[in-house]
1. Explain nothing, just compute: Karplus ³J(HN,Hα) = 6.51 cos²θ - 1.76 cosθ + 1.60, θ = phi - 60°, for every residue of segment A:49-66 in order, whole Hz, x for Gly and Pro.
2. Taking the Cα centre of chain A as the origin and placing charges on Cβ (Lys, Arg +1; Asp, Glu -1), which of A:59, A:19, A:43 is farthest toward the positive end of the dipole?
3. By a straight-distance test (C-alpha under 20 Å), which lysines pair with residue B:35 as possible cross-link partners, with residues fewer than eight away in the same chain excluded?
4. Counting other Cβ atoms within 10 Å of each Cβ, which GluC sites (Glu not before Pro) in segment B:34-75 have at most 13 and sit in a DSSP loop?
5. Averaged across orientations, what area in nm² does the convex hull of the alpha carbons in chain A project?
6. If contacts are Cα pairs under 8 angstrom and at least 6 residues apart, what is the relative contact order of chain A in percent?
7. Going 7 Å from Cα along the Cα-Cβ axis for the label, what nanometre distances separate residue B:60 from the same residue across the other copies?
8. Give me the distance between the Cα centres of chain B and segment A:6-68, rounded to whole Å.
There are 2 protein chains.
Amino acid sequence: MLVRPKQGILDPQGAAVETALEHLGFSVSGARVGKVVDLEVEASTSDDARAQVEKMCEQLLANPLMESYEVEIHG
Amino acid sequence: MLVRPKQGILDPQGAAVETALEHLGFSVSGARVGKVVDLEVEASTSDDARAQVEKMCEQLLANPLMESYEVEIHG
């Protein structure tokens, strides 16, 4: 799953990455830093897997005030 | 772009996520935590954009000893 700072929420890590890249000579804008969490779940269907991972995001991995999340199911 | 700990590299953040999820009652394994960086670059083609972002990963965003990266170009 991907967990990203919501639009409008200050992202100091993204700002630091942008400044560092500019100092290296890159032309970049709008840098935002979030996290990617990969894990395996036991599930009989991909819908079941998705529901479980959404619950994990809501209960632990994403702060709903400041972060949005996106779930991808593979295999 | 996505930056993840390489296989075989210890990932304490992933281990902590896995333990916390298990305590919440989820059956998960193999949790690994990396980062997602979204940014805009000035490029004339998507190949050019990809080459720039790969350079950013190599020079700043990924530690080649411990992390692998994956670049996705949109728009």
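Just so it is clear, none of the values below were taken in a lab; they were calculated from the coordinates. Because the structure is a prediction, the values reported are computed rather than measured. In this analysis, Cβ positions are derived from the backbone assuming ideal geometry, glycine residues included, and neighbour counts consider all displayed protein chains.
1. My calculation for segment A:49-66 gives 4, 4, 4, 4, 5, 4, 5, 4, 4, 5, 8, 9, 8, 10, 8, x, 6, 10 Hz in order.
2. So the residue furthest toward the plus end is A:19.
3. Partners within reach: A:6, A:35, B:6, B:55.
4. Numbers: sites: B:40, B:42, B:54, B:58, B:67, B:70, B:72; in loops: B:42, B:72.
Within segment B:34-75, the qualifying GluC sites (Glu not before Pro) (loop, at most 13 other Cβ atoms within 10 Å) are B:42, B:72.
5. On the way: hull surface 24.5 nm².
About 6.1 nm², averaged over all directions.
6. Worked out over chain A, it gives 45 percent.
7. The answer, with the shortest distance listed first, is 3.3 nm.
8. When both Cα centres are located, 10 Å separates them.
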